[in-house]
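The values are calculated or read from the model by the stated rules, or taken from the named source; none is laboratory data. Small disclaimer: the values here were computed from a predicted structure and weren't measured. Cβ atoms come from the backbone with ideal geometry, glycine included; neighbour counts cover every protein chain shown.
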Amino acid sequence: DVSRRGLGFDRWDPIETRNYPSELASELSYGHTGYTGTCVWVDPKYNLVYIFLSNRVYPKVTERLSSLRIRPRIQDVVYRAIEKGL
């Protein structure tokens, strides 16, 4: 099994059930997520830096951010726009 961790950052993970990151990200991509749901993801292939700021601990901590796949779904929109040349 290959680790998705590397030098303090997360690497692209092809296993879709891990919800991490967008399935459209390239294998060169890497990033980091924070406890409150924030995310920074870099994809050198597309010259892209994706930053998602959130606060899932207000008013209480939930796993809903993960189960709704909000971060990867927003990334999907960005990648589709790049594919269309927008």
Do you know which of the residues in the stretch 6-24 that are of a type in the set (D, E, K, R) and assigned to a loop (DSSP other than H, G, I, E, B) is modelled with the lowest pLDDT? 13
Enumeration of residues in the stretch 26-81 that are surrounded by 15 or more Cβ atoms within 10 Å (Cβ to Cβ), among the β-branched types (Val, Ile, Thr) and at pLDDT below 90: 33, 38, 70
